[in-house]
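Structure first, then comments.
Only the coordinates and a few stated rules stand behind these numbers; no lab work does. Because the structure is predicted, anything quoted here is derived from the model rather than measured. FYI the Cβ positions are ideal-geometry reconstructions off the backbone, even for glycines, and counts take in every protein chain you see.
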Amino acid sequence: MPGSELFGAEEIKEVMDVLNTGVLFRYNHDEQRKGIWKSKELEEEVKKFTGAKYAHAISSGTAAVSCVMAAAGLGHGDEVIVPPFTYIASIEGVMMAGGLPVFAEIDENLCLSAEGIRKAITPKTKAVMLVHMCGAAADMDAILAVCKEYNLILVEDAGQALGATYKGKHVGLFGVAGGISFDFFKLTTAGEGGLFITNDEQAYKTADSFSDHGHTHIGANRGMEDHPIIGLNFRMGELNAAVGLAQMRKAEYIRSQNKKNKAYLKHRLSEISDITFRPMPDPEGDSATFLNFFLPDTDSAQKVVKQFTEDGIAGANYWFLNNYHFINQWGHLKDLKSAVPLAINVLGAPQDYHNLQLPKSQEVIGRLISFGIRCTWTDEQMKALADKMIIAIKKVL
Ligand SMILES: *Cc1c(COP(=O)(O)O)cnc(C)c1O
């Protein structure tokens, strides 16, 4: 959670700008706000950093997934290929829109693989919700080829991948649109917040209206604006935007520190011949928020996690047993337990969720440990950490 390590005078200054005008709302009130437009400024920073033609700040990464679905015209009854390893928000976004998630295999790159997608395709498949997991891109060339071959709509959840690129292009810009999260645990944070990025003007306009009750945001009289579509409220508030803006200006620095610190830790851990690292199709484009490594099997991975805890080593994520990141613990979803009937309750699930066969994903996530990289580690702290980690892993192996 690198961004949250770096709160300081910059965040305070931006927040005070907003409090001094009293305009906590991102639209209108032109005179009273005295030129203070934090959401708009944040969007400009995001465009600069990601290279996106359009960026729209909203209330959460989950809201961003909903906006991505809306912008791609995906909803009722549409079958969407999704990964079994993601933050559950990606699946919720598909289901809440009325979509029917179809789970496909990931591979050692922790994202849906082109092969996995290909095997899950049926005549009814409409789209792929690609999630760029743990700070780095999926295998884009191969995935784009499959989407093209089968005429599938590509949408992206880059919730935890701000700062990740593939061959120089920022993730979230390969399909119709991409969502990014600014929650407390991401590369940069707004406390709560999300971003919608795209190079497609129409997709941007749809997200802009969808996230604010259909408003077109043209003119000075909000109550008299047109509403071309039905929407909801996923607006970002100016206080969150202020924090996000200060954080966004630190994104480049955070990423470079992450890369340096991750490279050191990886170099040290490579002395252990029995562990392997996440293979990335474009290692240069890694945002380096996690060092992802594999133990020979699920059992030894669980023992290493336990050993880390016993040895006082903090920072290891073991997603295989996490209730929100891996399908094995998503019983509520497999049982279609919704507060209100969704399309999937009416139409039925497109797969037998209780008997899914995803052996590759099981094997990959079972062996995986994702170690959180901190951008504020000192050289001494990193050396001490690497020493302790190596001892702990060797105790198990
Ligand atoms: C964090 C995250 C989200 C959700 O973001 P929130 O801002 O917490 O709503 C969505 N997808 C992925 C992949 C995430 O990691």
Roughly speaking, what is the stretch gain from residue 397 to residue 384, that is 0.36 nm per residue apart minus the C-alpha to C-alpha distance, in nm to one decimal? 2.7 nm
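With charges only on Cβ, +1 for K and R and -1 for D and E, what is the dipole size of the chain about its Cα centre, in debye, rounded to 20?
Dipole size: approximately 440 debye.
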So how far, in whole Å, is the C-alpha centre of the range 233-283 from the one of the range 121-171? 20
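Order of 19-28, 126-135 by packing, highest average Cβ count within 10 Å first? Please list the in-between numbers first.
Working: 19-28: 15.5, 126-135: 27.8.
Sorting 19-28, 126-135 by mean packing, highest first, produces 126-135, 19-28.
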Compare the peptides 285-293, 75-83, 148-156, 375-383 by average per-residue count of other Cβ atoms within 10 angstrom and give them in order, highest first. 285-293, 75-83, 148-156, 375-383
Please check which bits of the range 25-41 a label hung off residue 221 would reach, taking the label as a point 7 Å along Cα-to-C-beta and the cut-off as backbone N under 18 Å. 28-31
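Between residue 141 and residue 324, what length in nm is gained on full extension when 0.36 nm per residue of separation is reduced by their alpha carbon distance? Write out the running numbers ahead of the final one.
Values: separation 183, 0.36 × 183 = 65.88 nm, distance 2.88 nm.
In short, 63.0 nm is gained.
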Order of 333-339, 179-185 by packing, highest average Cβ count within 10 Å first? 179-185, 333-339
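Rounded to the nearest 500 deg cm²/dmol, what is the calculated helix-only ellipticity per residue at 222 nm for the chain, with -39500 (n - 2.57) per DSSP H run of length n ≥ 4? Walk me through the numbers before you get to the answer.
Working: 14 runs with 152 residues, N = 397.
-11500 deg cm²/dmol, from helical runs alone.
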Expressed in nanometres to one decimal, the distance between label points 7 Å along Cα→Cβ at residue 151 and residue 277 is 4.3
Take residue 339 and residue 310, extend 7 Å from each Cα along the Cα→Cβ direction, and tell me the distance between the two endpoints in nm. 4.3
Which of the lysines could a cross-linker bridge to residue 119, judged by Cα under 25 Å and excluding same-chain residues fewer than eight apart? 148, 334, 360
I'd like the FRET efficiency for residue 233 and residue 124, computed as 1/(1 + (r/R0)^6) with the beta carbon distance as r and R0 of 30 Å, rounded to 0.05. 0.40
